[in-house]
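Below: the structure, in C-alpha cells.
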Amino acid sequence: MKIEENYSIKDINSLRINQFAKYFCSIETVEQLQEAIEFSKIKKIPLLFIGEGSNVVFTSDYDGLIIRNNIFGKIEHDKRIVEISSGENWHNFVKWSLSKERYGLENLALIPGTVGASPIQNIGAYGKEVSAFIKEVKTINTLTAEERLFSKEDCEFGYRSSLFQNKKEYFITSVVFGTNTDPDIDISYDSLLKFFRASSMEIETLTPKDVFDGVSSLRSTILPDHNKEFNVGSFFKNLVLGEEDFKKLTKIINVPYYQTNSSYKVSSGYLLEKGGWKGKGVKNVRISEKHASVLTTSGSLDGKEVVRFANSIIDDIYSKFRVKLEIEPTLI
Ligand SMILES: Cc1cc2nc3c(=O)[nH]c(=O)nc-3n(C[C@H](O)[C@H](O)[C@H](O)COP(=O)(O)OP(=O)(O)OC[C@H]3O[C@@H](n4cnc5c(N)ncnc54)[C@H](O)[C@@H]3O)c2cc1C
C-alpha cells in the first residue's frame, strides 16, 4: 500500500475543491486498512475515510491521512440476504440486484457513491431510504482496531442521518442488505408518479426494471451531470417542521409539503427557487439553473468559497422565510 504525501484532493471530491491532504492512500483490503490505522497512530494524525467523494465539502486542507475505500466483494447468503463490501459502487449494486431478481432498490438507482457511504446519511430518493433494506453494518473501530457489528436498530437511522455521522471512528467494511424476492413497485412519490403518468406505460403492469429505467431517466433529466457541473446532489436538506413552525412558514409563503404523522417535509429547493436563488451565484459557485437544490462549482476552487456562498444563502432564506436551511453533505 502506497502512502502519498501532500496529495491534491481535487479529483476525489465531486465539487472538485482543490485542497491538499497531508497523506493519502487507497485500500483494497481490511489488512491494508489496519496498516493505514497503524501509520496514523505512529504519526499521531487524524484519519478520514472517503468513498467516491460525492457528499463531502473540504473546507480547508486536511492535516491527516485520507483513506480511499476500494474494498470490493459480494457474498450472497440466500435469496434475500446479501453482504456487499463497502467500496462497491452503489448504482452498480442496484443494477446487479435487479439482474439477480433481488427487488426493492430501484427507486435508489443512479445515486452516486459507494455502498459503504450509503448508511452514513441514510441515502434516499423517490420515497425510499436505504435503511429500509439494511439488516446489519459491519465496521472496524479505528481507535481500538476491533470489529463491531451494528444491527439496523443500532444505526439510529433518520432522515439523511445515522449514528455514524457522530461516530466517525467506525470504518464501514460491508453492509448486509435484505431485498425482496417478489417485485415491490412503489411509484407513489409525486414526481415519479407524474413521470410514469406522462409516459405511454401502463402503470398497473410496471416491472422493477421499468422503475429502475424511469428513475434513471428522470434523474438524468432533472439533475445537472456532476462530472460537468460539479456538485454533491442536494446541497441543503429538505426541512422537516413541526406543526407550529410549519404554520408560521405558511403565513409567509404557500409551500407544497409532504405530511407524516407529526411533521411536515418542505422542499429546500422550492424555497431556494422562490427566494430567487435558482441560477444565481458568485465567481466559481452557484445554484444550478436546472435544479434549485443543487449547488454547482466551476472546479479548482477553495472550499471556503463554497461555505461562504452556502452561508449567505442560509442567511438570506432565513431573512425571507424565517426557516434555517441545513447543509446536507459532510463538512470537513
Ligand atoms: C449528482 C448527485 C446526486 C445525488 N443524489 C442523492 C440522492 O438522491 N439521495 C441521497 O441520499 N444522496 C444523494 N447524493 C449524495 C451522495 O451520492 C451520497 O451521499 C453517497 O452515499 C455518497 O457516497 P460516497 O462514496 O461518495 O461518500 P463520500 O462523499 O466519499 O463520503 C461521505 C461521508 O461518508 C463517510 N464515509 C465514506 N465511506 C465510509 C466508510 N466506508 N466508512 C465510514 N464512513 C465512510 C465519509 O467520511 C463522509 O463523511 C448525490 C450526489 C450527487 C453528486
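Comparing mean-square fluctuations of Ser131, Ser14, Ser151 from a GNM of the chain with C-alpha springs under 10 Å, the top value falls on Ser151. When DSSP beta bridges are restricted to pairs lying wholly in the stretch 4-69, around 30% turn out antiparallel. Each residue, Lys274 and Asp184, gets one label point 7 Å from its Cα in the Cβ direction; the gap between the two is 3.4 nm.
Its Cα centre serving as origin, the stretch 71-222 has a Cβ charge dipole (Lys and Arg +1, Asp and Glu -1) of approximately 340 debye. Just need the relative contact order of the stretch 230-331 here, percent rounded to a whole number, with Cα pairs under 8 Å and 6+ apart. With pairs under 8 Å counted, the relative contact order is 33 percent.
Are any of the pairs Lys274/Lys324; Lys2/Lys43; Lys95/Lys209; Lys74/Lys152; Lys128/Lys280; Lys237/Lys274 more than 21 Å apart by Cα-Cα distance, and if so, which?
Where the Cα-Cα span goes over 21 Å, the pairs concerned are Lys128/Lys280.
Think of the chain as a dipole: +1 on every Lys or Arg Cβ, -1 on every Asp or Glu Cβ, centred on the Cα centre; then among Ile123, Gly178, Asn89, Ile123 lies furthest on the positive end. Proximity of backbone amide H atoms, modeled 1.01 Å from N, is registered between Phe230 and Thr297 at under 5 Å, excluding neighbours fewer than 5 places apart on the same chain. When the chain is treated as a GNM with alpha-carbon contacts under 10 Å, the residue of Val232, Val285, Val240 showing the greatest mean-square fluctuation is Val240. In this structure, Ser8 and Ser99 have a Cβ-Cβ separation that, at R0 = 25 Å, corresponds to a calculated FRET efficiency of about 0.10. Taken as Cα centroids, the stretch 202-278 and the stretch 95-128 sit 18 Å apart, rounded to the nearest whole angstrom. Rounded to the nearest 20, the size of the Cβ-charge dipole of the stretch 4-69 about its Cα centre is 240 debye, with Lys and Arg at +1 and Asp and Glu at -1.
Taking the Cα centre of the chain as reference, the dipole from Cβ charges on Lys and Arg (+1) and Asp and Glu (-1) amounts to some 1120 debye.
Close amide H pairs (under 5 Å, H built 1.01 Å from N) link Tyr62 with Phe20, Ala21, Lys22, residues at least 5 positions away or on another chain. Under 19 Å from a label point set 7 Å out along the Cα-to-Cβ vector of Thr250, the amide N atoms of the stretch 306-326 belong to 321-324. Comparing mean-square fluctuations of Arg102, Arg308, Arg219 from a GNM of the chain with C-alpha springs under 10 Å, the top value falls on Arg308. Using 0.36 nm per residue and subtracting the Cα-Cα separation, the extra length available between Ser312 and Gln32 on full extension is 96.6 nm. Summarising the strand pairing of the chain, around 75 percent of its internal DSSP beta bridges are antiparallel.
Only the coordinates and a few stated rules stand behind these numbers; no lab work does. Being a predicted model, the structure only gives us computed values, none of them experimental. As a convention, Cβ positions derive from the backbone with ideal geometry for all residues, glycine included, and neighbour counts pool all protein chains shown.
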